[in-house]
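One structure is given here, and the rest of the page talks about it.
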Amino acid sequence: MRLASQETRSYFVTAFTAERRRLFQVTDNAELFRQTLFDYRGQGRYLLHAYVIMPDHFHALITPASDVSLEKAMQFIKGGFSFRLKSKMDVWMRSFNESQVSTKEKFAECVRYIEENPVRARLVDRADAYPFSSAAGAMDAMPAHFRR
């Protein structure tokens, strides 16, 4: 079995807060998490194509850097946020859910799913009205391996 090179792997990821606590209902926590996502993106750890921060979980569409495994990217995100939050309680459920995205159609479907999540949850009427989502702002473009 031949593994795809790291830069040709994009993933739809989801992680839940410990005990599904509504940690991100607190604006400061949601902003801190968003800053964590963008800081590691800025360091080149991964491309961030879409994200949404819901009250008790987040979804993201990421492409890890060539020298960063998916597990390491999630460690940056979840561990980086936990470190910054400095909570005495557990912050995250121990694992995360991931699905490799292998086509440009699936990529577009994942972006839509992520950005429409707050609408489906009835938090807002329009995706771009939700403050903790990529729906209102430009993100990293679809990776080149989908445009071939």
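Some notes on this structure:
- By the helix-only formula, in which each DSSP H run with n ≥ 4 contributes -39500 (n - 2.57) and the sum is divided by residues, the chain has a 222 nm mean residue ellipticity of -9000 deg cm²/dmol.
- For F58, residues with placed amide H under 5 Å, excluding near neighbours: A15
- Label-point separation in nm, L123 to K88, each point 7 Å along Cα→Cβ: 2.8
- In percent, rounded to a whole number, the relative contact order of the chain is 32, using alpha-carbon pairs under 8 Å and six or more apart.
- Reduced Cα scattering model of the chain, Debye log10 I(q)/I(0), q = 0.18 Å⁻¹: -1.06
Readers should treat all values here as calculations from the given coordinates under stated rules, not as data from a laboratory. Worth saying up front: this structure is predicted, and the values here are computed from it rather than measured. Positions of Cβ are generated from backbone atoms using ideal geometry, with glycine treated the same way; all protein chains shown enter the neighbour counts.
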